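Peer 1: Please read through the structure below; I'll follow up with questions.
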Amino acid sequence: MTDTTTDAARALAEKDLPPLAPPTADNGLKAVFQRRYLLKLLVTREISARYQGSVLGLLWSYINPLSQFCIYFFIMGTIFALHKNVPNFAIHIFSALIIVHFFNETFNAGTRSIVRNRQIVQKMAMPREMFPVASMLVSLYHVLPQVVILVVACLFSGWRPDATGVLCFFIALVLISVLGTGLALMFSAANVFFRDVGSVVAILTNVVRFGVPMIYSYEMVDQRFGSFAPYYMLNPLANAVILFQRAFWTGSTDQETVMPDHLVERGLVMVLVALVVLGIGQLVFSRLENKIPERL
């Protein structure tokens with residue numbers, strides 16, 4: 001009688017238990033945002049670690065982009081005299097520099113995020129996608145002070161914001177956030193198996209600066225390539241840069257600026273492309289995830 005009661009109790013308990021699943025079953029991007037508190041801790045930890053022991057602290061978020069702007073503006077604007085062909089060249093180059101820096105930082109830091117946090121990855125049961133996502137959010141956090149500087153400069157230039165420009169601003173940020181995270185997921189997993197991937201990504205991000213209309217205008221692309229100019233716009237990063245320039249640079253000058261046709265529609269299409277890249281990145285990451293701890 002006792003054995004029967006015990007068996008019945010065990011059967012009832014097993015009936016209420018959820019089915020067994022591997023430790024990675026609850027992982028993925030959805031699980032990352034379900035654990036928002038942990039994600040917030042990672043982002044806060046990354047930001048604090050970056051400025052730990054620094055006298056200026058967060059001010060470096062303003063100094064770094066300003067130093068890059070001065071270098072590009074002096075070399076490209078003064079030495080090569082590109083500012084003669086581009087109205088309000090300072091706003092043109094700085095608005096592009098912000099979005100390029102956002103992508104490069106997301107891609108570089110995201111690629112190294114798993115290896116850099118190997119101790120946490122090996123010891124804690126958590127969605128490992130959280131590390132590339134946290135890298136993107138840290139990069140997005142540093143976009144804010146850069147945009148503040150840009151807005152102040154634009155206001156001094158007579159900037160006139162409009163609804164289309166505001167829409168372009170948000171499309172550009174979403175595009176880079178999604179695209180950078182997708183590539184970071186893919187390359188962060190690959191970087192665990194082949195550490196050369198981090199160096200390859202560093203080279204690719206150096207090329208980005210010359211593959212978008214930052215130190216030159218889209219008008220030059222349109223004039224040089226003619227009917228082939230639309231192929232240039234197949235680059236999602238070029239679309240993001242031009243969207244950002246439409247948001248700030250176009251409204252800061254009274255001179256005519258050449259922009260691609262249907263810019264907002266192109267941007268939305270590129271967001272869809274970025275979502276596809278994000279899906280592929282998640283798929284690659286999921287396939288390699290179980291082998292990551294043993295390769296670290």
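The values are calculated or read from the model by the stated rules, or taken from the named source; none is laboratory data. In this text, all values refer to a predicted model and were calculated from it rather than measured experimentally. Here the Cβ positions follow ideal geometry from the backbone for every residue, glycine too, while neighbour counts run over all protein chains shown. We work out accessible area using only protein heavy atoms, side chains counted, and drop any ligands, DNA or RNA first. Shrake-Rupley method; radii C 1.70, N 1.55, O 1.52, S 1.80 Å.
Peer 1: Quick one: which residue in GLN255, GLN223, GLN282 is touching a helix residue (DSSP H, G or I) at 6+ places or on another chain (Cβ under 8 Å) and either within 24 Å of ASN85 (Cα to Cα) or in contact (Cβ under 8 Å) with a residue 12 or more places away in the chain (or both)?
Peer 2: Within the list GLN255, GLN223, GLN282, the selection yields GLN282.
Peer 1: State yes or no: is LEU58 at pLDDT 80 or above and either crowded, with 20+ Cβ neighbours inside 10 Å or not hydroxyl-bearing (Ser, Thr, Tyr) (or both)?
Peer 2: Working: at pLDDT 80 or above: no; either crowded, with 20+ Cβ neighbours inside 10 Å or not hydroxyl-bearing (Ser, Thr, Tyr) (or both): yes.
Criteria not met by LEU58.
Peer 1: Now for a separate question. Could you tell me which numbered condition VAL273 fails, if it satisfies all but one of (1) crowded, with 18+ Cβ neighbours inside 10 Å; (2) part of a helix (DSSP H, G or I); (3) touching a Pro at 6+ places or on another chain (Cβ under 8 Å)?
Peer 2: Every condition holds for VAL273 apart from (1).
Peer 1: Taking region 182-204 as the region of interest, how many residues are open to solvent by 10 Å² or more (accessible area, probe 1.4 Å) and among the β-branched types (Val, Ile, Thr)?
Peer 2: 3
Peer 1: Taking the condition open to solvent by 10 Å² or more (accessible area, probe 1.4 Å), over 18 Å from GLY198 (Cβ atoms) and of a type in the set (D, E, K, R), does ARG160 pass? Full working, then the answer.
Peer 2: Details: open to solvent by 10 Å² or more (accessible area, probe 1.4 Å): yes; over 18 Å from GLY198 (Cβ atoms): yes; of a type in the set (D, E, K, R): yes.
The answer is yes for ARG160.
Peer 1: Also: Looking at region 100-116, which of the residues that are more than 21 Å from ALA240 (Cα to Cα) and open to solvent by 10 Å² or more (accessible area, probe 1.4 Å) is modelled with the highest pLDDT?
Peer 2: Applying the filter and picking the extreme gives ARG112.
Peer 1: Residues being at pLDDT below 80 and either open to solvent by 100 Å² or more (accessible area, probe 1.4 Å) or under 11 Å from MET130 (Cβ atoms) (or both): count how many of those fall in region 30-52.
Peer 2: Here the count works out to 1.
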